[in-house]
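Report on the structure given below.
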Amino acid sequence: MEIIPEGKNFRLVQENELPQILDVLEQYFPESLKFHQTVKTYLNNRVWQFYFYVSKNWPEEPICLHFPGCTLTPNQNIYESFGIFCPSTQLQHVELMRTEDVLIEWTQPLYLNFTHIDIMDRIEEFYSAQGSIDKLIGDIYICKGPPDRLELESLPSSEVEMRPLALENVKAIHDLYPASEIECIEVFEKLVSSLPGFGIFCVGSGELAAWMVQSYYGAMCSMQTKPEFRRKGYGIHLAQALTKRVIERGYKPFVVIRPENDASKSLYIKLGFERAFATVRATLSPNDTSDGGVNGVSVHENGDHLEEIEVVCYHDTARAEASGKTVEEEDG
């Protein structure tokens, strides 16, 4: 697909500019953390091919985009899903999105990855007249303290062991993943090959019971456990080990958790995570199209049927089980 070098209000960032983009984004931590680490992971590991755009008056107008926002979309068009960052103190620059009709086809369904809720509210102000927005709310929790401050009981060595994930585990991981229809198996192959990840394996059989991996934007990936291995405390062991490894690699660990998911909040608070702000993942459906959704799956307020667009720590057992997938809510 042809890459667009310049939109109406945004321009494509050249690779040699990306380190300077990181410097600017650091000024807006913690709100810019997800976008910052997407750029950083891209520079360090190239897990996926992303294209970054900034306003033509950057950095005076500090709004930026990246395409795509997820690795599998209905038309495999990189411009139909995207991520966006703009400081919450300068939301007037979101107005540039209203007239951006080169990079973004507002007349087609669009998929926004987890975006600061204030940015999404500004987009909704101008989009609501032309279409509907289905939203999933998630709170960003960022690691503020040493994750090993919590001393855990050892895993039962006669039953299971924790070790790094390998390529041979990718199919099992993708099969477990509750949103495999919107994240392709190839991205999991690259995640496992390039970024740290851990699994809990059964001694003897070698069966993968639970797993967690760093995502392509630096976050902690969705923790998943097969039903028969739940409520054994595997989740907090995985989260602690991966948090420590992510910090060692120079990243700031963060997760996205549903506001009502007390079990996951409790787990990560034990490991030194604190709530930073709310985000929204959204499907934008123009009035003259069908119901929208991703690959034929409808999306509703609070996330019914849509489990994940990006690889993040997002636990929702009931919804995943309803869709025939398995995902664990570890209570530590």
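Some notes on this structure:
- Selection status of PHE126, of a type in the set (Phe, Trp, Tyr) and more than 18 Å from THR279 (Cα to Cα): yes
- Qualifying residue in the stretch 69-79 (condition: open to solvent by less than 60 Å² (accessible area, probe 1.4 Å) and modelled with pLDDT of 95 or more): yes
- If you go through the stretch 256-274 and keep only what is open to solvent by less than 20 Å² (accessible area, probe 1.4 Å) and either closer than 14 Å to SER222 by Cα or among the polar types (S, T, N, Q) (or both), you end up with VAL256, ILE257, ARG258, ASN261, SER264, LEU267, TYR268.
- Checking each residue in the stretch 103-131 for being in contact (Cβ under 8 Å) with a residue 12 or more places away in the chain and of a type in the set (Asp, Glu) picks out GLU105, ASP118.
- Within the stretch 231-246, tally of residues that are crowded, with 23+ Cβ neighbours inside 10 Å and aliphatic (A, V, I, L, M): 4
- Filtered residues of the stretch 186-230 (kept if crowded, with 16+ Cβ neighbours inside 10 Å and over 30 Å from TYR51 (Cβ atoms)): PHE198, GLY199, ILE200, PHE201, LEU208, ALA209, ALA210, THR225, LYS226, PHE229, ARG230
- Matching option when the condition is surrounded by 13 or more Cβ atoms within 10 Å (Cβ to Cβ), among the aliphatic types (A, V, I, L, M) and either under 17 Å from the mean Cα position of the chain (by Cα) or assigned to a loop (DSSP other than H, G, I, E, B) (or both), among LEU103, LEU91, LEU96: LEU103
- When the stretch 80-138 is filtered for residues that are of a type in the set (S, T, N, Q) and in contact with a Cys (Cβ under 8 Å, 6 or more places away or on another chain), the ones remaining, listed by number, are SER81, ASN113.
- Some residue of the stretch 117-133 being within 17 Å of the chain's Cα centre (by Cα) and farther than 21 Å from TYR28 by Cα: no
- Complete set of residues in the stretch 1-59 that are open to solvent by less than 40 Å² (accessible area, probe 1.4 Å), in a loop (DSSP other than H, G, I, E, B) and in contact with a Ser or Thr (Cβ under 8 Å, 6 or more places away or on another chain): ASN9, VAL47, PHE50
The values are calculated or read from the model by the stated rules, or taken from the named source; none is laboratory data. Here the structure is a predicted model, which is why all the values come from computation and not from measurement. In this analysis, Cβ positions are derived from the backbone assuming ideal geometry, glycine residues included, and neighbour counts consider all displayed protein chains. Heavy atoms of the whole protein, side chains included, go into the accessibility calculation; ligands, DNA and RNA do not. Shrake-Rupley method; radii C 1.70, N 1.55, O 1.52, S 1.80 Å.
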